[in-house]
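Reading through the structure tokens given below for one structure.
Every number here is computed from the coordinates shown, using simple stated rules; none is lab data. Small disclaimer: the values here were computed from a predicted structure and weren't measured. Glycine also receives a Cβ, built like all others from the backbone with ideal geometry; neighbour counts cover every protein chain displayed.
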Amino acid sequence: MPHYLNVYQLKWLLLSLAVVLVSHVANLPVWVIAASATFGTWRYCIEKYQWPMPKAWQLLPITLLICIGIIFTFKGFFGRDASLSLLVVMCSLKLLETKTLRDYMLVIVLGYFLVGNLFLFNQTIATFLVSIPPLILLTATLINTSLPTIQSIQFSFKLACQLLLQAVPVMLILFVLFPRIPGPLWGLPQNANNAMSGLGDSLQFGNISNLTKNSAIAFRAQFKGAIPANNQLYWRGPVLWHQKNQNWTMSSAKIGLPLEKLTVQGAPIQYAITLEPHNRLWLLMLDMPTTIPQKAKLTHDYSVLADRPVRTRMRYEATSFNQYQLGTSLSEREKLLSLQINEGENPKTIELVKTWEHLSAADKINAALNLYRQQDFFYTLQPPRLSKNSVDDFLFNTKRGFCEHYATSFVYLMRAASVPARIVTGYQGGEFNPNGNYLIVRQSDAHAWAEVWLQDKGWVRVDPTAAVSPERIEFGISEALSNTDELPIMARKDYPWLKKAYLNWDSVNNGWNQWVLGYDDKKQLDFLKKLTGKGLNLQEMLIWMMAMIVLVMVATSYFLIKQNKTKLNPAQHLYARYLNQLKRTGLEPRSSEAALDFAQRAAAVLPNQKQLIIEIAQRYNALMYSASPKPELLDELAQRIKQLKIKTL
Amino acid sequence: MSVKLWPLIFLKRAWWQQWLRVSKSTQNIALLNARQIYILPTRWGLLYAVMLIALLIGSINYSLSLGFYVTFLLASLGNIAMLHTWRNLVHLQVAVLKANPVFAGDGTDVIFNISDTKNRPRYAITASFLENNHLTQNISANDSQLFPVPLATSKRGLHTLPRLTLNTQFPLNLLHAWAVIENPFQVLVYPKPSDLIEPQALSFDSSTQGGSQLNKGDEDFNGHKNYQFGDSPSRIDWKASSRSIGLFTKLYSGTGSSALWLDWEATIGEKEARISQLTRWVIDAQASQKIYGLKLPNIILQPSNTESHYHQALTALAMLD
Amino acid sequence: MQNTINAIIQAASQVILGKESHIKLSLTCLLAGGHLLIEDLPGMGKTTLAHTLAQVLGLSFRRTQFTSDLLPADIIGVSVFDRNTSNFQFHPGPIFSNVLLADEINRATPKTQSALLEAMEEHQVTVDGNTHLLPSPFFVIATQNPKHHIGTFALPESQLDRFLMRITLGYPDSQSERALLQNKGGRANAQHIQAVCDGETLLKLQQNVSHVHVSDALLDYLQALIQYTRTQFNTGLSPRAGLGLRQCAQAWAMCEGRDFVIPEDIQAVLPSVVTHRLQTDGNINIAKQILDNVAI
């Protein structure tokens, strides 16, 4: 016979599922939320107004409709968002036929699963906090299904909290010691990573200025030694060689250019970077990297690429030198590539460059930079649109632009003047967080600069933006722009207190990222190595894990099983002490023996104490049973018990 | 309200039962110790485990640290629930109080008194003999609760109770803990009364004790007492009264009314049929408030009509070899 | 107040020798406003005890010998046609007294018994549609021969419940026995005994009984006792029995000179209050069993 559950249990179920739904509110289309809420309300009305339960044939069209809706919204059943929506709406539809314990348990377990799915969308501290209430409520609902009688709300709520709290130690052990297998086990659904932002592999006007409006963190960098000056913080990303109209792209890997020669001097800069996922290959490094993480590879132009797109936050250590010489010799192919410009474009620029023909390469650079310095070029996030001959338009007409404009126009100028040049994209600068002693680099710090090749010197970094707006390079983007520009609030220089609060919050977040979210197979090994002094292999890890779990469970069961103490009132306390004293003489009251009866018996054994014993029993009785015992009785009792002690000793 | 629990399917098999540690006691009280409690996941527990595996695989695949957190927290919750389920049963004291005698074929409730000895409330405890699950109740801290556990009977006589199973799924319904208790308590099962009523047997047997109903109570002179207002004049002992001051009333003792003898010899058929027939007579005689005696091959019960006499008669019939 | 109680016990003890605790129990029963059943063999002083109590308390006393042909009207009274007034006039039976001694109650027919017991419960009788209130205080002290005598009508359990207490006197100790043989006590002395109390005082004492404090801890104990009987015996104590037990304990506490009840009080009165209400299957130590198995 099926086990039907009562209204009270249903209310708990509906409440906990409602909270699960609320926790997922940002991840679901509106109609799914509305439909789920409707089904839940419907189920409640069935119970409250004794409506009939819908029949299976009535539910079938609804199910079909939902499937069509899902296909229509998500173009199919697959992918993270579609499966979640399907799961949520089916779970709430299941409520409409939920009557027996079997249905309840199914729905609750599904509810737990949905809470786990929260983290597919994001894993911030906020999401972590949001996951707690549904877990407590689902557990409380589960507790209610196991009880034959209705208990108070507090009872199941309290017990659920207790159970979850008691579960925390073993959870921590598992979290730290359960061997982490590097994922993914199979391909990720398409839309798992679509929300990531970062540097693209090509440069167009607007790319970087768009990025600059995003205050999301690109990466955090922690230095072993002193942090280099802001104007040395060029975080190297993709290097762009190829120009086509207004679009600059990387050199094709197929060309197979040889690795440029790098000689370094000065002190190495050692640092660790926690890179936010951006779904691309590049690992940002300070100019110029010498050691790179394992599995990563170095391109010929010293970009560092990971072996697969960065989809999870990753941490790597690297070493760079800021005094270097790169690519002192330039092959013909490289020369060809680094001088390539589209023919027949930007006639004014070509005209201008012709006047520089007699100058040396270094002077050509200066001439170009002077152009930016002396004319009224202006650094802004909102440059006007440019016509087809964009370099002409920018240099001679609008004169307003962002780093990408300066970098591209500069490289164009150089190439037109027969100086090999290329664009480097990446980030520049960063914000120091004193709370964690690390540097925060945001998407708003995205930057583009130029590298020109000079005989004997090799590739030399030239940042034309510095010519227009030295503040950008010295102090960061917030100094370079007027506050009217659309910088994200965190990148601006006003509101110092807000900034301070933000920095505090960011250091918490950084710790969270490093230790909670970033705790992967590598970090696990490192951490255990640090903890134990030597590395643990998989087997040892499992043994340690089991041993610690057993230990915690034994301890927990000890606390669970030990007898609850009954609370004694002061008279009972004194009396218990007195009984303990008498125990030494072998006298012990039976559980059913009243105080006076026991006193009579005790008096027979200890005739010289008779009066005292009887008086103690009388006072104890009066304290325990009279309407309002006189307060002095307690003292009298204590006194007599004390006297007795002296005499027996 | 019964819940079918899959572990019990295994319990029904004899080979499995011999491996069970059973709480046996020579008295009618048993205390469950930690080793006598068994625990297995329920099918919901298995479903929960499958859900956890799905979460774990998802967390590995997407490298979700917080996915691991939820997975491990819920796994640990199941683990803790196991301790709680076990603790809900351990150190319970189970005493058989009584089982009212019953006629074979009828069901009776064996009353168990289950009490907490550790000053903590126990929830959702179910007590049952293996074949039928029943009544789920809570027990307050340091208190006891009566569990009437239904028992089906088929044969007359004194029967030792079958094994009692105590179980609980508190707090999460994910785990099923149980303990098996055996004790020497015996239930008295009266014979099944026959459906036939043979009227001749209900007539008064004049061959024994003989005499009319009328003066039965006047048979033996028992003494005198002072005359009391209301005493029958015919009983005044005038002779004795004349010797002294005041009146005396004669006192007599006797059965006062006629006795009905229910005799083994008066029944026909094989042994069980005879017992069954006699049982029916005893029931009917008691119901019609007759005074009756019982004659069995090995025992004779003197006539009476009290409740205890009734039970004595039925017991004698139940125990007849 | 206490003096009165002591005086009553003192006076009664001069007649009933060596039975002080029984006198106290009987008095407790009367103070608690209940009826008393004395069960013992003939000649153990049942009647003397009843008589003495009535006398000491200064109450009117009637004695009725119960026999099998005793009719309800013989106890309650009859309406007789009065020629002079051409009216039915009610002639009250022996029940219209403060203390009715119902001797050998189990000799009367169930019909008569139930008429008496009904009157005991209601404290009034109804004859020919007229209700007559019984005097106050009103007690029935019934005696009963415990041996299963043929020709008696044992009081059914349901009726026994109406008696607050059942006591058994038992043989006197050797000292009292000798005193009795020396003619120092006994029924003869009962005639000369002085009343130390009256109905008014007794009513006041009865009122005071209800003011004796019963603490929560004690109620727990009381409940545990009642619960125990319900689990151990075919029929446990009724709520009325539980109430009776509390009242008796209160009355006993008052006799002891306390204004609150302690477990010892309950233990003292419990045997007399519960044994006749439980189907015992001949278990005489039933009270001890209960008391030993229930923790305070």
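Got a sec? Charge dipole of the range A:399-462, +1 on Cβ for Lys and Arg, -1 for Asp and Glu; which of A:Ala448, A:Ile423, A:Phe410 is way out at the positive end?
Going by the charge dipole, the pick is A:Phe410.
I need the trypsin sites (Lys or Arg not before Pro) found in the range C:1-92, filtered to DSSP loop residues with at most 11 other beta carbons within 10 Å of theirs.
C:Arg83
Give the average, rounded to an integer, of partner chain Cβ atoms located within 10 angstrom of each Cβ in B:43-52.
Mean partner-chain Cβ count within 10 Å for B:43-52: 4.
Going toward the positive end of the dipole of the protein assembly as shown, with +1 on Lys and Arg Cβ and -1 on Asp and Glu Cβ, which of B:Val70, A:Trp248, C:Gln55 do you reach last?
Going by the Cα projections, it comes out as A:Trp248.
Give me the angle, in degrees from 0 to 90, between the Cα long axis of helix A:496-511 and the longest principal axis of the Cα atoms of chain A, rounded to the nearest 10.
70
Among C:Ser215, C:Leu169, C:Ile296, whose Cα lies farthest out toward the positive end of the dipole of chain C, if unit charges sit on the beta carbon of Lys, Arg (+1) and Asp, Glu (-1)?
C:Leu169
Please state the relative contact order of the range A:7-146 as a whole percent: Cα pairs under 8 Å, 6+ residues apart?
Numbers: 113 pairs, mean separation 54.2, N = 140.
For the range A:7-146, the relative contact order is 39 percent.
What's the local net charge at C:Arg246, with K and R +1, D and E -1, over the other residues with C-beta under 14 Å away?
Cβ neighbours under 14 Å give a net charge of -2.
Which peptide among A:537-549, A:390-402 comes first, and what is the full order, when sorted by highest mean count of other Cβ atoms within 10 Å?
A:390-402, A:537-549
Magnitude of the Cβ-charge dipole of chain A, K/R +1 and D/E -1, about the Cα centre, nearest 20 debye?
Once rounded to the nearest 20, the dipole reads 2680 debye.
What shape does the range A:14-67 have by the C-alpha gyration tensor, where a ≥ b ≥ c are the square roots of the eigenvalues, rounded means a/c under 1.5, and otherwise prolate means a/b greater than b/c and oblate the rest?
It comes out oblate by the Cα gyration axes.
Could you tell me how far the Cα centroid of the range B:73-131 sits from the Cα centroid of the range A:438-477, in Å?
Going from one Cα centre to the other spans 77 Å.
Would you calculate a helix-derived [θ] at 222 nm for chain A, using -39,500 (n - 2.57) for each DSSP H run of n ≥ 4 and dividing by the full residue count, to the nearest 500?
Calculated from helices alone, the mean residue ellipticity at 222 nm is -15000 deg cm²/dmol.
Place a +1 charge on the Cβ of each Lys and Arg in the range C:210-296 and a -1 charge on the Cβ of each Asp and Glu, then give the dipole magnitude about the Cα centre in debye, rounded to the nearest 20.
Computed charge dipole of the range C:210-296: roughly 300 debye.
Sorted by average packing, counted as other Cβ atoms within 10 angstrom per residue and highest first, what order do A:408-419, A:423-434 take?
A:408-419, A:423-434
Using a ≥ b ≥ c from the Cα gyration tensor of the range C:35-87 (square roots of the eigenvalues), is it rounded, prolate or oblate, where a/c under 1.5 gives rounded and otherwise the larger of a/b and b/c decides, a/b for prolate?
oblate
How shielded is A:375-381 by partner chains, expressed as the average number of their Cβ atoms within 10 Å of its Cβ atoms?
0
Rounded to whole Å, give me the distance from the Cα center of the range B:46-71 to that of the range B:273-294.
Each part reduced to its Cα centre gives a spacing of 71 Å.
Could you tell me how many degrees, from 0 to 90 and to the nearest 10, lie between the Cα long axis of helix A:570-583 and the main elongation axis, the longest principal axis, of the Cα atoms of chain A?
The answer is roughly 70 degrees.
Averaged across A:173-179, how many Cβ atoms of other chains sit within 10 Å of each residue's Cβ atom?
Mean shielding by partner chains, rounded to a whole number: 3.
Return the long-range amide H neighbours of B:Val187 (sequence gap of 5 or more, or a different chain), with a cut-off of under 5 Å between placed amide H atoms.
Long-range HN contacts for B:Val187: B:His159, B:Thr160, B:Leu161.
What angle, in degrees between 0 and 90 and rounded to the nearest 10, separates the Cα long axis of helix C:239-255 from the longest principal axis of the Cα atoms of chain C?
80
Assign one of three labels to the range B:6-190, namely rounded, prolate or oblate, based on the Cα gyration tensor with a ≥ b ≥ c the square roots of its eigenvalues; rounded applies when a/c is under 1.5, prolate when it is not and a/b is larger than b/c, and oblate otherwise.
Prolate, because a/c is 1.5 or more and a/b exceeds b/c.
What is the dipole size for the protein assembly as shown, taken about its Cα centre, with +1 at each Lys and Arg Cβ and -1 at each Asp and Glu Cβ, in debye to the nearest 20?
2400
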